[in-house]
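Peer 1: Below is one structure. I have some questions about it.
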Amino acid sequence: MRFSGKIYKDGKFWLAEIPIIDLMTQGHTKKEAYEMVADMLESLINKDGCDITIFKGKKDHFEVELLNAVCPETDIVIDESTIPLT
């Protein structure tokens, strides 16, 4: 599963948002904001074995990839490594 996000500076903080799932977090540095995105998603999923990777894009864009994510309501494992990407 992959989500697109934006990161930008607002005052002395870097804000990172993922609009499709209506989430936003912040950090004092750009690196810290990326780390907070991963932490936020790990906290929401709240299951062991979920791999979160952040891919920095051009300018203020990034993507977050979730592998072996577990849907908290149904405990269904989503392993996208076995799903062909089209």
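Peer 1: Going Cα to Cα from K12, which lysines come in below 23 Å? Please leave out same-chain ones fewer than 8 positions away.
Peer 2: By straight Cα distance, K12 reaches K30, K31, K56, K58, K59.
Peer 1: Evaluate E = 1/(1 + (r/R0)^6) for D48 and D22, where r is the Cβ-Cβ distance and R0 equals 25 Å; express this FRET efficiency to the nearest 0.05.
Peer 2: 0.50
Peer 1: Here's another thing I want to ask about it. How much length would be gained if the chain were fully extended between K12 and K59, taking 0.36 nm per residue of separation minus their Cα-Cα distance, in nm to one decimal?
Peer 2: So the chain would gain 15.1 nm between K12 and K59.
Throughout, read-outs are computed from the coordinates displayed, never taken from laboratory work. Being a predicted model, the structure only gives us computed values, none of them experimental. Positions of Cβ are backbone-derived with ideal geometry, glycine not excepted, and every protein chain shown enters the neighbour counts.
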